[in-house]
Amino acid sequence: MALTAAQIDAAARALDEAERTQKQVGLISLQYPDMDMEDAYAIQAAWMKLKATAGRVTIGRKIGLTSKAMQAALNIDIPDSGILLDDMRVADGASIPRDRFIQPRIEAEIAFVMKSDLRGPNVTQFDVLNATDYITPALEILDTRILRADPETGTARNVYDTISDNAANAGIVTGGRPIRPNEADMRWIGAIVSRNAEVIETGLGAAVLNHPAMGVAWLVNRLAEYGDGLSAGEVVLSGSFIRPIEAVPGSTIVGDYGPFGTVSVYFEP
């Protein structure tokens, strides 16, 4: 790790302030060009500790950067992860006030709800399926408390910024119908995602590391390196199988999962 404890704490507090004030901060990676992935996760953990002190409760995890296209865009070859908190839950079909998020975007995913604890190392796809109570269609609401690009140099944020920013997570919407993990081939569970009735993206679960459960297995094995794991009842967003969709004010985003139902959210103008 290149950053000191004081620098990590300062970055976490800056992100917390950015979220509260809806005013983005500059690129952390530009401020600390020598930072690495461990620094980024340390900043994320420090921020989540601030939220826990404020009364927030962890309800699960999210996995990001699971598609080859997104990994190539950030020049990495592994996913990333973040924390889901109780105040991130958004009801299916809810209206979201314009001032709740800064620059929201939407991704379509499959959410796993755990029926038993799961800890690594050496967890496989089949261990994940055995530990899962059910899966359900989900939309992830992304937001960025960090500028997408530096206004002076044009430098784009990188994966260290994204990880520090809780893997860009801001909300989770679940809907449709719950599915037992052995009821369907998750590789073929897909969604048609529309914005104001215009189809914007489509995708299949196979885009997530060939099988969404593989993303969860990756997460559990990574958490094992820190002596952590998943607990019964936790929700895991397994990774998006579409590109992020801009959630412009006045837009209704619908994920149509065919036989597994729909999930939607409205962003107020």
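A short reminder: the numbers here are calculations on the coordinates, not readings from a lab. For clarity, every value in this text was computed on a predicted model and none was experimentally measured. Cβ sites come from the backbone with ideal geometry, for glycine too, and all protein chains shown count toward neighbours.
Couple of notes before you dig in:
- Linear extension gain, ALA10 paired with SER95, 0.36 nm per residue minus alpha-carbon span: 27.2 nm
- Per-residue packing, averaged as other Cβ atoms within 10 Å, sorts the ranges 118-130, 233-245 into the order 233-245, 118-130, beginning with the highest.
- Seen through its C-alpha gyration tensor, with square-root eigenvalues sorted a ≥ b ≥ c, the range 39-121 comes out rounded because a/c lies under 1.5.
- The Cα center of the range 154-206 and the Cα center of the range 1-17 differ in position by 29 Å.
- Shape of the range 50-209, Cα gyration tensor, a/c cut at 1.5: rounded
- Assigned charges on the beta-carbon of Lys, Arg, Asp, Glu; the range 58-267 dipole about Cα centre (debye): 200 debye
- Axial C-alpha extent at least 20 Å, average Kyte-Doolittle at least -0.5 - helices from the chain (DSSP): 5-21, 37-53
- Residue of LEU142, LEU84, LEU50 that the Gaussian network model of the chain assigns the largest fluctuation, springs spanning Cα pairs under 10 Å: LEU50
- Contact order normalised by residue count of the range 199-252, Cα under 8 Å, 6+ apart, percent: 46 percent
- Charge tally in the Cβ shell below 15 Å around ARG180, where Lys, Arg are +1 and Asp, Glu are -1, ARG180 excluded: -1
- Dipole axis of the chain (+1 Lys, Arg; -1 Asp, Glu on Cβ), positive-most option in LEU15, PRO249, GLN103: PRO249
- Residues SER95, SER67, SER81 arranged by fewest to most Cβ contacts within 10 Å: SER95, SER67, SER81
- For the range 58-267: relative contact order, % (alpha-carbon pairs under 8 angstrom, 6 or more apart): 34 percent
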